[in-house]
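Trainee: Can you read through this structure? Questions will come right after.
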Amino acid sequence: MLESMNKKTVLVSGVGGPAGINIIRLLKAKSEYDIELIGCDIDNHAAGRNFVDEFLLCPRVSDEVAYEQWLRKITDERAIDLFIPTVDEELVPLSKFINSINGFTPLSPTQTLEIAADKLASYKFMAEHLSQYAPNYITLSEWTEDWGQDEQFFIKPRFGRGARGCRLVDRSELIWLKSQNPITEDVIVMENLPGAEFTVDAYITKGGELAYLIPRERIGLAGGISIKGRTANNAAIIEATKLLFDKLSLRGPVCVQWKLDKNNQLKFIEINPRLSGGLMISVSSGIDPIEAFWSDMHGLPTVLQSWREVTVVGHFDYKEIII
């Protein structure tokens with residue numbers, strides 16, 4: 001456990017979403033730290049505003065100029081020590097001016113963030129560097145009726161987050177979709193992966209060291225977010241994730257999704273260089289994301305955190321139901 005240090009001001013974005021709410025709850029629980037906690041969101045009624053010391057309404061990141069000007073102003077005026085971004089859409093724009101704003105922001109390089117944000121680019125990266133884990137995929141514009149041996153396929157948008165636009169389709173529906181969208185590359189067609197799904201929560205320090213790495217099986221989802229899960233000391237998933245981290249330059253919090261195919265072979269689904277919405281399941285097993293942020297911010301030696309296998313079937317008011 002880290003000793004109390006001088007008071008720090010922490011800014012967390014996206015406090016209306018699961019990742020933002022989770023991390024501010026964890027920060028508020030750190031009574032041994034002297035923290036002024038500021039949360040921001042584009043929604044003035046964001047649920048997380050009830051857990052922070054100060055709430056700020058921020059511009060949409062789609063207006064990149066306004067977003068940059070606002071963030072520069074806030075980090076300077078509030079003397080922000082640590083900024084934790086939790087919104088996918090802000091990561092790439094933020095990375096382009098991150099070195100010129102106040103405070104420490106653990107964030108992956110722009111090139112890595114662009115690969116992660118574009119699922120087609122992610123699959124191409126895996127096919128080139130870690131082909132043993134790359135799923136079979138093709139864009140809808142390239143798809144023909146003789147592609148794939150199965151009668152069911154999984155489609156997803158090239159850009160997006162959560163479960164929006166992701167679904168299982170049969171061959172006849174795919175033929176119809178292709179007739180409606182003959183030239184789009186914004187829809188990806190994948191082999192159906194019917195096996196168990198896993199998320200890995202990890203934190204990589206600015207020095208490139210692992211503060212924690214914990215796989216968990218996703219056994220219950222709501223809107224693409226894990227609400228039930230079990231942490232799993234799965235050597236194959238741990239090895240695959242470390243190999244990915246060796247190939248792709250990453251910093252700060254990261255979550256990676258994997259799935260088993262019909263032959264129980266591990267396949268890559270996506271990588272998100274941010275906190276996960278199901279982080280509290282991993283926290284229930286013993287990891288401490290706040291200690292990882294704090295140690296990284298202060299340049300303290302990295303100690304790989306230990307954890308245990310648990311099954312979490314729900315979490316309410318920061319008290320998890322563990323079986």
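The values are calculated or read from the model by the stated rules, or taken from the named source; none is laboratory data. Keep in mind that what you see is a predicted model, and the values were worked out from it rather than measured. Here the Cβ is made from the backbone with ideal geometry for all residues, glycine too, and neighbour counts use every protein chain on show.
Trainee: Of all strands (runs of 3 or more DSSP E) completely enclosed by region 12-96, which ones contain at least 2 residues that are touching a residue at least 60 places away in the same chain (Cβ under 8 Å) and crowded, with 17+ Cβ neighbours inside 10 Å?
Mentor: Values: elements: 35-41, 54-57, 82-84.
Hits in region 12-96: 82-84.
Trainee: Given (1) of a type outside the set (Gly, Ala, Ser); (2) more than 28 Å from Leu300 (Cα to Cα); (3) surrounded by 15 or more Cβ atoms within 10 Å (Cβ to Cβ), where does Glu185 come up short, assuming only one miss?
Mentor: (3)
Per-residue answers, yes or no, for (1) touching a Lys or Arg at 6+ places or on another chain (Cβ under 6 Å); (2) assigned to a strand (DSSP E or B); (3) not assigned by TED's automatic domain parsing to the domain that holds Pro289:
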position: Thr144; (1), (2), (3): no, no, yes
position: Gln149; (1), (2), (3): no, no, yes
position: Arg161; (1), (2), (3): no, no, yes
position: Leu168; (1), (2), (3): no, yes, yes
position: Leu174; (1), (2), (3): no, no, yes
position: Glu185; (1), (2), (3): no, no, yes
position: Ile214; (1), (2), (3): no, yes, no
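Trainee: Quick check on my filter: what residues within region 142-176 are at pLDDT below 90 and aliphatic (A, V, I, L, M)?
Mentor: Residue satisfying the conditions is Ala163 alone.
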